[in-house]
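Just below is one structure, and these are the notes that go with it.
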Amino acid sequence: MKKIESIADMTAWAEEMRAAGRSIGLVSTMGALHAGKEALLRAALAKADVVVVSIFVNPLQFGANELIARYPRSLADDLRICEAAGVHAVFVPLEEEMLPRGFSTFVTEEILGKPLDGQARTAHFRGVATVIAKLFNLIRPRYAFFGQKTAQRAAVVRKVSADLGFGVEVVVVPTAREPDGLAAGVANRNFTDSQRQQALAIHRALVRVQEMVASGVRSPDRLVAEATHVLGEYRRVRVIYVAVADRRTMEPVREIVLGETLLVIAAWVDEVRLIDNALLV
């Protein structure tokens, strides 16, 4: 496995791979890899000829009240995970090279990034889109891999790729879950037992709504109300949003289309922000 730190070296390596006719899969991360990211690595290795994992804590996607200093760093562990998985290269750029002094060019997707997380974190998707566009430009992957848990991020990146002509296929990988159903995530490792039980409210709400849909319920209002009720039974859970949305546009819908509609949830558990979703089938 090759560790690459400079943009010039990353571009040269990627050009070499493409010249050899090898397709590149990109898994973009901020490090602190967990089971969800490992699922992306496996999917990428199964589809692409070579896989690059980027590790860059992107300051542009943090809001005014979100402290980047609190984001966990575990580069040595991340590199071990990538090497054990069989990743071909890990790109670990310095912030001063990715976002040098005077950096003033941003990519803003104006539709898919507006609802849901776009309302709760107004600058988030601009930060995501800007850095992913730069990675696409430098690496020119054929595929980019995202987890279903971050469905809106995947939708925004797919639109950026299409609109700006990058030609990158966005592959969405099913959400990796721990045995109790909690979606894999950076925060999980630091949960106390009681916090974990509170966090499981989100998964329980998703399961309850899936059961209702399976029994024939098709009213988005009823489904949202029931999910909100389940979350409300947990005193340390504060709802940010609950919505039934189109899986491609992320806009709230008034009619359930099985296989095309998501129940999406964002909530605080104490001071930890969690997101999750489920496809309604």
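Here are the numbers for the structure shown:
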{"item": "Boolean, T261 is touching a residue at least 60 places away in the same chain (Cβ under 8 Å), hydroxyl-bearing (S, T, Y) and either in the same structural domain as A205 (by TED's automatic domain parsing) or under 22 Å from F146 (Cα atoms) (or both)", "result": "no"}
{"item": "Identity of the residue in the range 193-239, of a type in the set (K, R) and under 12 Å from L263 (Cβ atoms), that ends up surrounded by the most Cβ atoms within 10 Å (Cβ to Cβ)", "result": "R208"}
{"item": "Residue check for L75: modelled with pLDDT of 95 or more, of a type outside the set (K, R) and surrounded by 15 or more Cβ atoms within 10 Å (Cβ to Cβ)", "result": "no"}
{"item": "Among the residues listed as A46, A14, A8, the single one being touching a Lys or Arg at 6+ places or on another chain (Cβ under 9 Å), assigned by TED's automatic domain parsing to the domain that holds V57, more than 19 Å from D77 (Cβ to Cβ) and assigned to a helix (DSSP H, G or I)", "result": "A14"}
{"item": "Residue in the range 137-190 that is farthest from P115 (Cα to Cα), counting only those that are among the small types (G, A, S) and in contact with an Asp or Glu (Cβ under 7 Å, 6 or more places away or on another chain)", "result": "A184"}
{"item": "Flag for V170 being of a type in the set (A, V, I, L, M), over 18 Å from D276 (Cβ atoms) and crowded, with 18+ Cβ neighbours inside 10 Å", "result": "yes"}
{"item": "Criterion (under 29 Å from T108 (Cβ atoms), assigned to a loop (DSSP other than H, G, I, E, B) and touching a residue at least 24 places away in the same chain (Cβ under 8 Å)) met by exactly one of T175, T150", "result": "T175"}
{"item": "Residues of the range 131-147 that turn out to be in contact (Cβ under 8 Å) with a residue 60 or more places away in the chain and surrounded by fewer than 20 Cβ atoms within 10 Å (Cβ to Cβ), as a count", "result": "4"}
{"item": "Residue list for the range 5-14, restricted to those being in contact (Cβ under 8 Å) with a residue 24 or more places away in the chain and surrounded by fewer than 20 Cβ atoms within 10 Å (Cβ to Cβ)", "result": "E5, S6, I7, T11, W13"}
{"item": "Failed item, numbered, when E110 is tested on (1) in contact (Cβ under 8 Å) with a residue 12 or more places away in the chain; (2) not β-branched (V, I, T); (3) not in a helix (DSSP H, G or I)", "result": "(1)"}
{"item": "Members of the range 243-258 that are closer than 13 Å to L280 by Cβ and in contact with a Leu (Cβ under 7 Å, 6 or more places away or on another chain)", "result": "A243, V244, A245, R247, I256, L258"}
{"item": "Residues satisfying the stated conditions in the range 178-190, i.e. more than 20 Å from the chain's Cα centre (by Cα) and in contact (Cβ under 8 Å) with a residue 12 or more places away in the chain", "result": "D180"}
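One line per residue, one yes/no per condition, for (1) of a type outside the set (A, V, I, L, M, F, W, C); (2) surrounded by 16 or more Cβ atoms within 10 Å (Cβ to Cβ); (3) in the same structural domain as V57 (by TED's automatic domain parsing):
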site: I81; (1), (2), (3): no, yes, yes
site: A84; (1), (2), (3): no, no, yes
site: H88; (1), (2), (3): yes, yes, yes
site: L94; (1), (2), (3): no, no, yes
site: F103; (1), (2), (3): no, no, yes
site: F106; (1), (2), (3): no, no, yes
site: E110; (1), (2), (3): yes, no, yes
site: L116; (1), (2), (3): no, yes, yes
site: A120; (1), (2), (3): no, no, yes
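The values are calculated or read from the model by the stated rules, or taken from the named source; none is laboratory data. This structure is a prediction, so every number in the text was calculated from the model and none was measured. Note: ideal-geometry Cβ built from the backbone for every residue, glycine included; neighbour counts use all protein chains shown.
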